[in-house]
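Okay, so here's the structure we're looking at.
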Amino acid sequence: MSQKKQLSEKETIELLDILQQRFEKNKSRHENLDWTKIEEKLNSDSSKLWSLYQMESSGGEPDVVDYDEKTDEYIFFDCSAESPKGRRSFCYDREALDARKEHKPQNDVITAAKEMGVELLSEEHYRYLQTLGKFDLKTSSWIKTPKDIRELGGALFCDRRYNTVFVYHNGAESYYAARAFRGVLRV
């Protein structure tokens with residue numbers, strides 16, 4: 001991951017091209033939205049472009065999934081068919097990572113999301129994502145875990161099987177090659 005939080009002109013142009021192509025290819029995710037307005041917002045905030053670049057470069061395939069009229073923000077989710085490859089095999093948070101005595105994963109999802117400038121999808125976000133397509137048919141994704149569950153050592157993750165979205169629990173220190181996290185970014 002890049003240490004600077006600003007893209008070069010070339011990276012910006014390439015990212016905007018990728019995002020526009022994905023936007024046009026997946027109109028059903030954002031039927032009434034206008035790419036020109038989204039691009040204006042993106043160009044006005046280099047830190048959001050940097051975060052989208054992090055989502056893209058780690059395999060998330062971010063796309064616009066909604067617009068919040070109250071805050072005048074476009075909402076991007078990771079829309080890769082399976083959990084993002086560049087973010088797999090992470091435990092839930094730093095506390096869980098520090099608690100592992102051996103076979104520690106490379107990182108934890110809360111720290112990685114913060115470093116990227118995104119938040120984890122909540123259960124509500126995840127269920128909304130699943131109305132836009134079929135995601136995580138072979139993988140799973142950590143989601144934002146309520147404080148009371150986390151305080152007891154657990155963390156939540158979701159997937160889609162049998163045409164149904166399932167929410168599960170695991171110890172926060174666990175990690176799997178087929179589990180990552182999906183991010184949400186408001187622009």
Discussion item. Accessible area of the chain with a 1.4 Å probe: how many percent of it is carbon plus sulfur?
Written reply: 48 percent
Worksheet entry | Pairs beyond 18 Å (Cα-Cα), from K4/K48; K25/K70; K101/K144; K25/K134 | K25/K70; K101/K144
Fill in: Label point distance in nm, R94-T111, each placed 7 Å from Cα along Cα→Cβ
0.7 nm
Worksheet item: Which net charge results for the neighbourhood of T71, defined as the other residues with beta-carbon distances under 12 angstrom from its beta-carbon, given Lys and Arg at +1 and Asp and Glu at -1?
Response: -2
Worksheet item: So how compact is the chain: Cα radius of gyration and Dmax in angstrom?
Response: 16.4, 50
Worksheet item: Of the peptides 29-38, 77-86, 128-137, 175-184, how do they stack up when ordered by the mean number of other Cβ atoms within 10 Å, highest first?
Response: 175-184, 77-86, 128-137, 29-38
Discussion item. Sorting check: for 9-20, 138-149, which peptide has the highest mean count of neighbouring beta carbons within 10 Å, and how do the rest follow?
Written reply: 138-149, 9-20
Item to complete: Can you tell me the FRET efficiency between T36 and L152 if r is taken as the Cβ-Cβ distance and R0 is 35 Å, rounded to the nearest 0.05?
Response: 0.15
Item to complete: Determine the gain in length on full extension of the stretch E9-R161; use 0.36 nm per residue of separation and subtract their C-alpha separation, reporting nm with one decimal.
Response: 50.6 nm
Worksheet entry | In Å², nearest 10: area of E69 left accessible to a 1.4 Å probe | 150 Å²
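The values are calculated or read from the model by the stated rules, or taken from the named source; none is laboratory data. These figures come from a predicted structure and were not determined experimentally. FYI the Cβ positions are ideal-geometry reconstructions off the backbone, even for glycines, and counts take in every protein chain you see. What goes into the accessible areas is simple: the full protein's heavy atoms, side chains included, and nothing from ligands, DNA or RNA. Shrake-Rupley method; radii C 1.70, N 1.55, O 1.52, S 1.80 Å.
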